[in-house]
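No value in this document is a laboratory result; all are computed from the given coordinates. These figures come from a predicted structure and were not determined experimentally. Cβ coordinates were reconstructed from backbone atoms using ideal geometry, including for glycine residues, and neighbour counts include every protein chain displayed.
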């Protein structure tokens, strides 16, 4: 067993690909915003749409507002996830 193999076998956590996870969660959040925009344009789930209008600057239950809200949701979730996972990976390397 090489030194590299020994070091990998003692690792207590798994390194996560920050770019992939950020992109995946960003796409999911953008799809949820599109779904909320569609529901809002048909007058359904008005309370949830109202909350999204409060929390997201660009979201409205219109075509332009839905696209803008989806882009905003993607970027916000991507950046937050990427930074969080990068911090996790750095702390994981620091523990070794």
Over the chain, how many percent of alpha carbon pairs lie in each 10 Å bin up to the one with the longest distance? 17, 32, 21, 15, 10, 5, 0
Which parts of segment 17-49 would a label at residue 76 reach, counting a residue when its backbone N lies under 18 Å from a point 7 Å out along Cα-to-Cβ? 22-40, 46-49
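Given R₀ = 41 Å, FRET efficiency for residue 45-residue 14 by Cβ-Cβ distance, to 0.05? Walk me through the numbers before you get to the answer.
Working: r = 37 Å, r/R0 = 0.90.
Efficiency, rounded to the nearest 0.05: 0.65.
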Return the whole-Å distance between the Cα centroid of segment 12-46 and the Cα centroid of segment 67-96. 13
In degrees, nearest ten, helix 63-95 long axis to first principal axis of the chain (Cα): 20
Compute the angle between helix 46-55 and the longest alpha-carbon principal axis of the chain, please, reported from 0 to 90 degrees and rounded to the nearest 10. 60
The helix 18-41 Cα axis meets the longest alpha-carbon principal axis of the chain at an angle in degrees, between 0 and 90 and rounded to 10, of 10
